[in-house]
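Here's the structure, in structure tokens; my notes come after.
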Amino acid sequence: MSDTDAPSVLTAAEGPAVQVENPDGRGQYVVVCEHASRFIPAALNGLGLDDEAAQSHAAWDIGALDVARQVAMSLDAPLVASRVSRLVYDCNRPPEAGDAITEKSERFEVPGNHGLTDADRDARVREIYLPFRDALARTLDARSGPVTLITIHSFTPVYMGKPRDVELGLLHDADSRVAEAMMRIAREHTSMRTELNAPYAAADGVTHTLRAHAVPAGLPNVMIEIRSDLIDSPEGAKQVATELVAMLNAAMDGLSGVGGQPTRGDQNRAE
């Protein structure tokens, strides 16, 4: 089946799969929120989910977009955010990943993801993942100076029936500079129980955005995971964002040599 024969996912009226806010921000950061939305395009008939599943953490990272917006505003940074539920396509996974289009979350089956054809999968990659990937790449390429990539996520207080004590996770892939620098000073900026590479780590396949967009270009980067019960209100999201901004700025000030790292555009020109 050709691209023109493949089923369409998003209509023009439903808008693009990705949004870029404050694209001309002059700060040294780019903020990303891959799981910002629980929107499911009409063509997918709600993926067969009931209301509980469609509104649950399975469909999006609760509170993450609110935090990401506050962080981006405070840092005068562009924000690149998905506008489509991760149950349609998880923009923090490459197309070859088995959980890029998951058939089952922790608690919920996703009937609309069962029995997909290659054309179905290709359509979601083409209409959801590639626009997100390309928007982030363009945003990074447009930066004129050193840039640090930050991705913002949230996680549930209980997973597989077990409570999680960690409240703030600082994750890294091959480049641990920013995560470790933030970890060293965490107690000075937040009372949240903070851990490195928790509740997930790169081995769990969660660092695709860092691996695809930051590590190859030598850009400092960090993936931030926040327990969702701390940011499920505007007040909580604002408080956590304020603490994160202070922690990020202090960590970056303390990192020797980060200012000399290449921008993505510089790296591309050097190749």
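The values are calculated or read from the model by the stated rules, or taken from the named source; none is laboratory data. As the structure is a prediction and not an experimental result, all values here were calculated from the model. Quick reminder, even Gly has a Cβ in these numbers, built from the backbone with ideal geometry, and neighbours come from all protein chains shown.
Among the residues of segment 77-111, those that are in a loop (DSSP other than H, G, I, E, B) and under 15 Å from ASP50 (Cβ atoms) comprise SER85, LEU87, SER105, ARG107, PHE108, VAL110. crowded, with 24+ Cβ neighbours inside 10 Å, in contact with a Cys (Cβ under 7 Å, 6 or more places away or on another chain), within 25 Å of VAL206 (Cα to Cα) and among the small types (Gly, Ala, Ser), is that true of ALA64? When the stated conditions are applied, ALA64 passes them. Exactly one residue among ALA42, ALA54, ALA6 is at pLDDT below 95 and farther than 30 Å from VAL245 by Cβ, and that residue is ALA6. Within segment 91-106, if we keep just the residues that are among the hydrophobic types (A, V, I, L, M, F, W, C) and in contact (Cβ under 8 Å) with a residue 24 or more places away in the chain, the residue that is surrounded by the fewest Cβ atoms within 10 Å (Cβ to Cβ) turns out to be ALA97. Filtering segment 214-226 to residues that are in contact with a helix residue (DSSP H, G or I) (Cβ under 9 Å, 6 or more places away or on another chain), in a helix (DSSP H, G or I) and closer than 19 Å to MET182 by Cβ leaves only ALA214.
Of ASP122, ASP173, all but one fail to be modelled with pLDDT of 95 or more, of a type in the set (Asp, Glu) and farther than 25 Å from SER228 by Cβ; the exception is ASP122. Only one of the listed residues (SER37, SER56) is under 27 Å from ASP118 (Cα atoms), among the hydroxyl-bearing types (Ser, Thr, Tyr) and buried (at least 19 other Cβ atoms within 10 Å of the Cβ). That residue is SER37. Among the conditions (1) at pLDDT 95 or above; (2) on the phi > 0 side of the Ramachandran plot, the only one that ILE226 does not satisfy is (2). For the condition part of a helix (DSSP H, G or I) and of a type outside the set (Lys, Arg), LEU47 qualifies. You will find that of VAL88, VAL84, VAL71, the residue that is crowded, with 24+ Cβ neighbours inside 10 Å and either under 16 Å from TYR29 (Cα atoms) or modelled with pLDDT under 95 (or both) is VAL71 and no other. For ALA53, which of the numbered conditions (1) more than 19 Å from SER228 (Cα to Cα); (2) in contact (Cβ under 8 Å) with a residue 40 or more places away in the chain; (3) over 15 Å from the mean Cα position of the chain (by Cα) fails to hold? Looking at each condition in turn, ALA53 falls short on (1). Taking the criterion of being over 14 Å from the mean Cα position of the chain (by Cα) and of a type in the set (A, V, I, L, M), the residues of segment 18-50 that qualify are ILE40, ALA42, ALA43, LEU44, LEU47, LEU49.
Okay, residues lined up against (1) under 14 Å from the mean Cα position of the chain (by Cα); (2) farther than 17 Å from ALA36 by Cβ; (3) among the aliphatic types (A, V, I, L, M):
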| position | (1), (2), (3) |
| --- | --- |
| PHE132 | yes, no, no |
| ALA135 | yes, no, yes |
| ARG138 | no, yes, no |
| ARG143 | no, yes, no |
| PRO146 | no, yes, no |
| ILE150 | yes, no, yes |
| SER154 | yes, no, no |
| PRO157 | no, yes, no |
| ASP165 | no, yes, no |
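Only one entry of VAL9, VAL32 meets the criterion of being in a loop (DSSP other than H, G, I, E, B), among the hydrophobic types (A, V, I, L, M, F, W, C) and in contact (Cβ under 8 Å) with a residue 12 or more places away in the chain, and that entry is VAL9. For the residues ASP134, ASP120, the requirement of being surrounded by fewer than 21 Cβ atoms within 10 Å (Cβ to Cβ) and closer than 28 Å to ARG26 by Cβ singles out ASP134. Only one of (1) out of contact with any Phe, Trp or Tyr (no Cβ under 7 Å at 6 or more places or on another chain); (2) farther than 24 Å from LYS104 by Cβ fails for ASN45. Which number is that? Every condition holds for ASN45 apart from (2).
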